[in-house]
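All remarks here apply to the structure that follows.
The values are calculated or read from the model by the stated rules, or taken from the named source; none is laboratory data. As the structure is a computational prediction, the values presented were derived from the model and not from experiment. Cβ: placed from backbone, ideal geometry, glycine included. Neighbour counts: every protein chain shown.
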Ligand SMILES: Cc1cc2nc3c(=O)[nH]c(=O)nc-3n(C[C@H](O)[C@H](O)[C@H](O)COP(=O)(O)OP(=O)(O)OC[C@H]3O[C@@H](n4cnc5c(N)ncnc54)[C@H](O)[C@@H]3O)c2cc1C
């Protein structure tokens, strides 16, 4: 006789990255009734594999006890424009991956309702109104299974699918060099290669900073290309000759026009990048993960049926238009961003990029970028998205 080894939970969270842990933390403090939640990841989440930067108006933004750095201003630099922006009412935040993983996992371990397991997920499905997760040795089921581990896209013909790719080094200098109060949000003093390239710099101390070279393009670059650019920036633009690289970071974030789809059935809800939380025109994700987590919690509290997130048509169109203008290179990307930062109030730009702007503010933003190219791309993209 075979034994039924299927284990049943109220909810399963597949993937313990930014989205999975954010959802678990919100469930922990919510009024949603549950007895047992399974959290499962193939990794132990004990490495500092990324840092998250984001901006919000909320002074006590999420996870304030582990915010690594917080700034009230940042600088934008291009060939012909340079400005320090006071971000009020926003602040710019940085959270280190390792601090986030450790903090969340410690908090969740103290709550006996959470069962944390390290196993490789082999499959997800919906069966008999339950989400089912398969590992090599076990089967788990729950009324909802939240997936951030597997990403699936429906690629339409003519979709623009870019990637934001970047390499960063934390460097230490012999002399004090950095202004700890002033991160560089974007530094466009580099060739655009018919797509979009820039540097950014996050000061971590007077002689310590994270310096990144990043691109928005169809494909990532060979590793040595980032190294060359980073050396050039540090030595020739920042004029630092004496430095040590003490940490390295590499990442790729999808910037996709294509829709994220759910092949696993109605009891599996995709979250995080897998659920479309990465903004197609910037790659910023952490803020949208928090917003989308709140909306899941809200629905569960109201006992409403959950479905995968649908991105707002308005912002989907804007993202597509920006990608199209960059892709066609109808205006070089550094010129677009320079116009944007030169002609708009910084709070309006940040609100727009966080997808919280009014249509009136949107019109102001659109009016500040090279109009002809944007109108042409808008017509193309309206046809593409609504065909
Ligand atoms: C280096 C880097 C820097 C970034 N910086 C920023 C930033 O500054 N600001 C911002 O807004 N966004 C940033 N992002 C983008 C985005 O915020 C992150 O990628 C974020 O971690 C996405 O969260 P997620 O939960 O969707 O995916 P992840 O955090 O990648 O979590 C997915 C989890 O699923 C697990 N998993 C995958 N497959 C399996 C399997 N078969 N079995 C079990 N577990 C599995 C993985 O181990 C992982 O823990 C960055 C991304 C990277 C890579």
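Looking only at residues in the stretch 352-375 that are in a loop (DSSP other than H, G, I, E, B) and free of Cβ contacts under 8 Å to residues at least 24 places away in the same chain, the one that is nearest to the chain's Cα centre (by Cα) is 356. Here residue 294 meets the list (1) within 13 Å of the ligand (Cβ to nearest atom); (2) closer than 30 Å to residue 73 by Cβ; (3) assigned by TED's automatic domain parsing to the domain that holds residue 15 almost entirely, failing just condition (1).
If you take the residues in the stretch 141-155 that are in a loop (DSSP other than H, G, I, E, B) and within 9 Å of the ligand (Cβ to nearest atom), which one is surrounded by the most Cβ atoms within 10 Å (Cβ to Cβ)?
We begin by selecting, within the stretch 141-155, every residue in a loop (DSSP other than H, G, I, E, B); these are 148-152, 155.
Okay, now just the ones that are also within 9 Å of the ligand (Cβ to nearest atom), so 148-151.
Values: 148: 26, 149: 22, 150: 15, 151: 17.
Looking at residues that are in a loop (DSSP other than H, G, I, E, B) and within 9 Å of the ligand (Cβ to nearest atom), I get 148.
Just name the residue that is farthest from residue 46 (Cα to Cα) out of those in the stretch 102-112 that are out of contact with any helix residue (DSSP H, G or I) (no Cβ under 6 Å at 6 or more places or on another chain) and surrounded by 15 or more Cβ atoms within 10 Å (Cβ to Cβ).
Quick first cut of the stretch 102-112, residues out of contact with any helix residue (DSSP H, G or I) (no Cβ under 6 Å at 6 or more places or on another chain) only: 102, 105-107, 109-110, 112.
Checking the rest, the ones that are also surrounded by 15 or more Cβ atoms within 10 Å (Cβ to Cβ) come to 102, 105, 107.
Numbers: 102: 7, 105: 10, 107: 15 Å.
Filtering first and then ranking leaves 107.
Yes or no: the stretch 156-170 includes at least one residue that is closer than 26 Å to residue 259 by Cβ and surrounded by fewer than 13 Cβ atoms within 10 Å (Cβ to Cβ). Please lay out each step first, then the result.
Residues of the stretch 156-170 closer than 26 Å to residue 259 by Cβ: 156-166.
Imposing the further condition that a residue be surrounded by fewer than 13 Cβ atoms within 10 Å (Cβ to Cβ) reduces the set to 157-158.
Looking through the stretch 156-170, at least one residue is closer than 26 Å to residue 259 by Cβ and surrounded by fewer than 13 Cβ atoms within 10 Å (Cβ to Cβ).
Only a single criterion out of (1) within 16 Å of the ligand (Cβ to nearest atom); (2) over 30 Å from residue 55 (Cα atoms); (3) touching a strand residue (DSSP E or B) at 6+ places or on another chain (Cβ under 6 Å) is not satisfied by residue 138, namely (3). Determine whether the stretch 31-41 contains at least one residue that is at pLDDT 95 or above and within 27 Å of residue 170 (Cβ to Cβ). Yes; the residues of the stretch 31-41 include at least one that is at pLDDT 95 or above and within 27 Å of residue 170 (Cβ to Cβ). Of the set (1) crowded, with 16+ Cβ neighbours inside 10 Å; (2) out of contact with any helix residue (DSSP H, G or I) (no Cβ under 8 Å at 6 or more places or on another chain), all apply to residue 59 but (1).
Could you pull out every one of the strands (runs of 3 or more DSSP E) wholly within the stretch 1-98 that has 2 or more residues that are within 10 Å of the ligand (Cβ to nearest atom), in contact (Cβ under 8 Å) with a residue 60 or more places away in the chain and closer than 25 Å to residue 355 by Cβ? Write out each step before concluding.
On the way: elements: 7-14, 37-41, 51-56, 69-71, 73-78, 81-86, 91-96.
Once the strands (runs of 3 or more DSSP E) in the stretch 1-98 are filtered for at least 2 residues that are within 10 Å of the ligand (Cβ to nearest atom), in contact (Cβ under 8 Å) with a residue 60 or more places away in the chain and closer than 25 Å to residue 355 by Cβ, what remains is 51-56, 91-96.
For the stretch 99-110, which positions are within 12 Å of the ligand (Cβ to nearest atom) and either within 30 Å of residue 346 (Cβ to Cβ) or not assigned by TED's automatic domain parsing to the domain that holds residue 19 (or both)? It would help to see each step written out before you state the result.
As a first pass, look at the stretch 99-110 and keep what is within 12 Å of the ligand (Cβ to nearest atom): 100-101, 104-105.
Within the stretch 99-110, 100 is the sole residue that qualifies.
Restricting the search to the stretch 116-135, which residues are more than 9 Å from the ligand (Cβ to nearest atom) and more than 19 Å from residue 19 (Cβ to Cβ)? Of everything in the stretch 116-135, those that are more than 9 Å from the ligand (Cβ to nearest atom) and more than 19 Å from residue 19 (Cβ to Cβ) turn out to be 123, 125, 126, 127, 128, 129, 130, 132, 134.
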